[in-house]
Each structure stands twice: as structure tokens, then as C-alpha cells.
Amino acid sequence: MTDRQMQILAAVIEQYAEIAAPVGSITLAKLFGVSSATIRSEMARLEEMGMIQQPHTSAGRIPTDQGYRFYVNSLTEADSHTPPLPDRSARAIQARVNTHGDRADRAIRSAVDSLVDLTQNLGLATIGDQLYINGIGNLFSQPEFMQGNHTQAVARLLDNLEPWLREAAPNEPLNVFIGAENPIGKTSGATLIISRFRSQYSDRSYIGVLGPTRQSYGKVMRLVRHAGAMLEEVL
């Protein structure tokens, strides 16, 4: 994939996350300062690679799960070279958690509640043998999840998430399961972004968010990673 194709893929993902509508060549042409024909040609190549697709008869394109995976991998690789500095959102999580540093359960809940507010996703964490969840209203207010099939698949994922976490025990500081990569609810169109951290409850505690595959991945991954690292430090 060329640099320009990578940039166009990133732009499609980021624009789609913001507007929740297929992204057209005219929008991207203005962004890149090239002709619409050039963008259409590059988008056709990205479509051939399986990175983007054309939903229904729309003239615009949306990312595929494969496109999201390529993008997330590139973000992960970039972060490994230059870890991002905490921004205002990350500091907001830290401030809320620090007020409950003497109570592990409250600290974890406050970190989840902060993620819900900042990402507009569903937030979740393991507290001992229990799964704390907040922000279900956020999740089902997303346009992707207003259709029955998607709603049922997401509900199945939530119903089975706690036993799956115990069984699979994702072992990376940050784990991203995109769409069909989810072990349950493969057709849900959901992404689970989750961080493992050590706490007094377990060496394998988890905090993260669940939302549509249409995510601002850079921001959400950074916040989830920060929340996990900060809870491990505080607890």
C-alpha cells in the first residue's frame, strides 16, 4: 500500500467516525488537494485490497473490518515508538481515580465512568469476580445498533463477555477486537478495546470500552491504555 493510500484509508476511517455516513471522493479531494478522479482511482485500489467498501448504492465508501485492522496495527506500531503524552482527557481520568485511591472498587468504577463520558461508548471493567458495566444507553444510541440483528448480536456479546474474559485472558496491555474478530457476537459490528492491568483482585483485571467499529481509534485506544496503566499504578 502506498503512503497516499494509507493516508486516504485513515481519512475515510476518521471521517466516517465523525459523520457516521459514507465518505465520498469530493470530500477527500478537498482534504488532499487533488482531483476527485485521483481519489476515486485510489479508492478503487483500496476497495480491491478489501480495505473499504461501498454500502448499498451510495457513492461514498466505508471501512471494512480489514481496513480497520490495518489502521489499528499502524497506530499500535506508531505508539510503540513514541508513547503519547497524557492529554486533558487522560488527566481527567486520573483526577477522578485519584479521589478514590483508597478504595479499589470505587477507583475502577470511576475510571470506567470517565471512559464512558469521554468516548461515548459502553464502559466495562472486572472488579474481582464481577463485571461492572456503564453506558449501555451510549451503545444502543449509536446508529449502527438501532437495527434488530445488530442489537441482538451485541446483547449476546455482553451476556457472554465475563466468562469469555476469564477463559481467553487477553494478555496484552491493550487488546483490540474488531467486528468479526470478537469471539462472541461476530456479526454485531462492534469493537471491544480492552486493557489488562494488575490489581489487588487479580493479576488479570480488565478495563475497556465496547462500541461500534466506527471508532475514533487513536483517541479511544490511548484513553483505555492510560486507564489500565493508571489503575495498575494506583492500586
### Summary
Expressed in nanometres to one decimal, the distance between label points 7 Å along Cα→Cβ at A155 and A21 is 3.1
### Message
Can you give the local net charge around L28? Use residues other than it whose beta-carbon is closer than 12 angstrom to its beta-carbon, Lys and Arg +1, Asp and Glu -1.
### Response
+2
### Message
Can you list the DSSP H helices in the chain whose Cα atoms extend at least 20 Å along the helix axis and whose mean Kyte-Doolittle hydropathy is -1.0 or higher?
### Response
3-19, 104-119, 148-168, 217-234
### Shape category assigned to segment 119-212 from the gyration tensor of Cα positions, a/c cut at 1.5
prolate
### Summary
Gyration tensor (Cα only) of segment 3-63 to equivalent ellipsoid, semi-axes in Å sorted down, yields 15, 13, 11
### Query
Once the mean 1/r over all distinct Cα pairs of segment 51-173 is inverted, what Kirkwood radius in angstroms do you read off?
17.4
### Task
At most 13 other Cβ atoms within 10 Å and a DSSP loop assignment: could you name the chymotrypsin sites (Phe, Trp or Tyr not before Pro) in segment 128-181 that fit?
none
### Task
Translational diffusion coefficient, Stokes-Einstein: compute it for the chain using the Kirkwood radius over C-alpha pairs as Rh, at 25 °C and 0.890 mPa s, and state it as an integer in µm² s⁻¹.
132
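Computed from the coordinates by the stated procedures, all read-outs in this text should not be read as laboratory data. Values in this document were obtained by computation on a predicted structure and should not be read as measured data. In this analysis, Cβ positions are derived from the backbone assuming ideal geometry, glycine residues included, and neighbour counts consider all displayed protein chains.
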